[in-house]
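So the structure is just underneath, and the comments pick up after that.
The values are calculated or read from the model by the stated rules, or taken from the named source; none is laboratory data. Note that the coordinates shown come from a computational prediction; the quantities given were computed from them, not determined experimentally. With ideal geometry, Cβ positions are generated from the backbone for all residues, glycine too; neighbour counts draw on all protein chains shown. Surface accessibility is based on the protein's heavy atoms, side chains included, excluding ligands, DNA and RNA. Shrake-Rupley method; radii C 1.70, N 1.55, O 1.52, S 1.80 Å.
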Amino acid sequence: QATPIAFGRGNSRLNVQSKRDLEEMARRLHSLPNFYLTVVGHTRAEGDLEANRVLADQRASSARDYLVSHGISQSRIRSKAAEPSAAGGSAQAVSFVLAQKPY
């Protein structure tokens, strides 16, 4: 189980702690070459739904791109946006789903 990566409200920039967490995840993925990862971006339901979907996608892409920049093959990582939710702080994050089967 991977800890979700948090973002500031309304942005998709990785902070220092998020980068550290993603670097640790990259190390783990290097040791699990037969596993695939889905990165799921989240936002709150408040405001413009389409803008929130775009932001969720940007958050997922930001985390995916960081992992790729640390040597994880793009073919092993998929990113997607979750539907906006009203889940408070957890809605300002990306979560991860690890699986052994390719997409």
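Out of all the residues in the stretch 46-65, which are of a type outside the set (S, T, N, Q) and open to solvent by less than 40 Å² (accessible area, probe 1.4 Å)?
Going through the stretch 46-65, the residues of a type outside the set (S, T, N, Q) turn out to be 46-51, 53-57, 59-60, 63-65.
If the condition is that a residue be of a type outside the set (S, T, N, Q) and open to solvent by less than 40 Å² (accessible area, probe 1.4 Å), then Leu55, Ala56, Arg59, Ala60, Ala63 are the ones that fit.
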Conditions (1) assigned to a helix (DSSP H, G or I); (2) touching a residue at least 40 places away in the same chain (Cβ under 8 Å); (3) aliphatic (A, V, I, L, M); number of the one not met by Ala56
(2)
Across the stretch 1-51, what is the number of residues that are closer than 14 Å to Val97 by Cα, assigned to a loop (DSSP other than H, G, I, E, B), in contact (Cβ under 8 Å) with a residue 60 or more places away in the chain and under 11 Å from the mean Cα position of the chain (by Cα)?
2
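Here's a check for you: in the stretch 71-87, which residue that is part of a loop (DSSP other than H, G, I, E, B) and in contact with a Leu (Cβ under 7 Å, 6 or more places away or on another chain) is surrounded by the most Cβ atoms within 10 Å (Cβ to Cβ)? Steps first, please.
Step one: filter the stretch 71-87 for residues part of a loop (DSSP other than H, G, I, E, B), giving 71-73, 82-84, 86-87.
Of the ones still in play, those that are also in contact with a Leu (Cβ under 7 Å, 6 or more places away or on another chain) are 72, 84.
On the way: Ile72: 19, Pro84: 21.
Here the answer is Pro84.
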When residues of the stretch 31-45 are limited to those that are surrounded by fewer than 15 Cβ atoms within 10 Å (Cβ to Cβ) and in contact with a strand residue (DSSP E or B) (Cβ under 7 Å, 6 or more places away or on another chain), the one farthest from Arg76 (Cα to Cα)
Ala45
